[in-house]
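What follows is a set of notes on a single structure, which appears directly below.
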Amino acid sequence: MEYENLQIEQQGPIQIIKINRPQSLNALNFELLSDLDCAFSEAGADAQTEIIILSGEGKAFVAGADIAKMAKMNAIEGKEFSEFGSEVFRRIELLNKVVIAAVNGYALGGGCELCMACDLRIASVKAKFGQPEVGLGIIPGFSGTQRLARLVGVGKAKELIYTASTITAEEALSIGLINEVTEPENLMAQACAMAEKILSKGKIAVSFAKEAINRGIETDLDTAIAMESNLFGLCFSSEDQKEGMQAFLEKRKPNWLKK
């Protein structure tokens with residue numbers, strides 16, 4: 001399917017989705033959010049695609065939501081915009097495949113929230129992160145108050161949100177907001193290298209690990225441990241478990257079944 005605001009490239013089991021509204025620094029509006037929702041739904045249902053890399057065209061990953069559109073919203077419209085963006089990001093977060101954000105530039109407001117909905121974040125040294133919303137008289141609306149606190153801790157999240165501070169990629173790495181920093185020319189290669197490393201592991205196990213982490217962190221420890229035990233047990237009904245353990249015993253690399 002062709003998208004007005006996205007470029008999509010397939011590299012074997014890796015799908016690269018690039019946000020393509022460089023004239024507006026890839027600002028999020030209803031149309032772009034709808035495109036992202038459809039593209040990720042398609043990727044989730046595509047048997048060929050195992051890992052998705054999300055990046056941006058131009059100077060920004062996503063520089064925020066479209067302020068020109070938001071400036072005209074009333075309270076009901078603002079709530080609806082927040083709910084829609086949060087629903088799209090939640091579906092990305094819970095997708096049955098690993099999503100890596102390759103953050104090429106500004107990841108501010110909705111852009112920071114979008115990359116936090118991804119599983120892993122690799123950033124160019126030129127990337128900038130922040131939640132500047134209070135400087136516009138609003139708060140983060142695409143689940144930023146929730147994911148930022150979970151990633152960097154409540155105190156640091158409050159500091160970043162209350163002050164609307166923008167931080168560098170190195171600072172983002174130091175507080176645990178992102179996983180890696182690299183030079184701009186190496187960004188996509190680094191993202192692909194991480195994807196290839198994940199692809200060399202058991203597909204079902206990675207999927208179950210994602211579910212255990214994402215669901216478990218949202219509940220109490222006892223419930224989360226029970227959830228992990230259940231998923232651990234389900235691994236033993238898969239061919240991946242049999243092949244992975246047999247390969248270990250035979251001191252060879254696993255030959256994972258294609259699914």
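The values are calculated or read from the model by the stated rules, or taken from the named source; none is laboratory data. Computed from a predicted model, the values in this text were never measured in an experiment. Glycine gets a Cβ as well: all are built from the backbone with ideal geometry, and neighbour counts include every protein chain shown. Just the protein is used for accessible areas: all its heavy atoms, side chains included, with ligands, DNA and RNA removed. Shrake-Rupley method; radii C 1.70, N 1.55, O 1.52, S 1.80 Å.
The set of residues in region 1-55 being open to solvent by 70 Å² or more (accessible area, probe 1.4 Å), assigned to a loop (DSSP other than H, G, I, E, B) and either in contact with a helix residue (DSSP H, G or I) (Cβ under 8 Å, 6 or more places away or on another chain) or under 21 Å from Gly141 (Cβ atoms) (or both) consists of Met1, Glu4. Among the residues of region 201-238, those that are in a loop (DSSP other than H, G, I, E, B), open to solvent by 50 Å² or more (accessible area, probe 1.4 Å) and either within 16 Å of Leu257 (Cβ to Cβ) or without any contact (Cβ under 8 Å) to a residue 60 or more places away in the chain (or both) comprise Lys201, Glu218, Thr219, Asp220, Phe236, Ser237.
Residues that are open to solvent by 30 Å² or more (accessible area, probe 1.4 Å), assigned to a loop (DSSP other than H, G, I, E, B) and in contact (Cβ under 8 Å) with a residue 24 or more places away in the chain within region 165-196 comprise Ser165, Gly176, Asn179, Glu183, listed in sequence order.
Suppose we filter Ser165, Ser143, Ser174, Ser86 for residues that are among the hydroxyl-bearing types (Ser, Thr, Tyr), under 20 Å from Ala43 (Cα atoms) and modelled with pLDDT of 95 or more; which single one remains?
Ser86
Note on region 68-79: residues that are surrounded by 13 or more Cβ atoms within 10 Å (Cβ to Cβ) and either part of a helix (DSSP H, G or I) or in contact (Cβ under 8 Å) with a residue 24 or more places away in the chain (or both) amount to 3.
The condition (being among the aliphatic types (A, V, I, L, M) and more than 19 Å from the chain's Cα centre (by Cα)) is satisfied by just one residue among Ile213, Ile175, Ile161: Ile161.
Just one of the listed residues (Phe84, Phe89) is within 20 Å of Gly216 (Cα to Cα) and part of a helix (DSSP H, G or I), and it is Phe89. The listed residues are Gly141, Gly110, Gly85, Gly78, and the only one of them that is over 27 Å from Cys192 (Cβ atoms) and in contact with a Leu (Cβ under 6 Å, 6 or more places away or on another chain) turns out to be Gly85.
Would a scan of region 114-136 turn up a residue that is modelled with pLDDT of 95 or more, among the acidic types (Asp, Glu), open to solvent by less than 30 Å² (accessible area, probe 1.4 Å) and within 18 Å of Leu32 (Cα to Cα)? The answer is no, given that none of the residues of region 114-136 is modelled with pLDDT of 95 or more, among the acidic types (Asp, Glu), open to solvent by less than 30 Å² (accessible area, probe 1.4 Å) and within 18 Å of Leu32 (Cα to Cα). With the condition kept exactly as written, say whether any residue in region 146-157 is among the basic types (Lys, Arg) and either touching a residue at least 60 places away in the same chain (Cβ under 8 Å) or not in a helix (DSSP H, G or I) (or both). For region 146-157, residues among the basic types (Lys, Arg) and either touching a residue at least 60 places away in the same chain (Cβ under 8 Å) or not in a helix (DSSP H, G or I) (or both): present.
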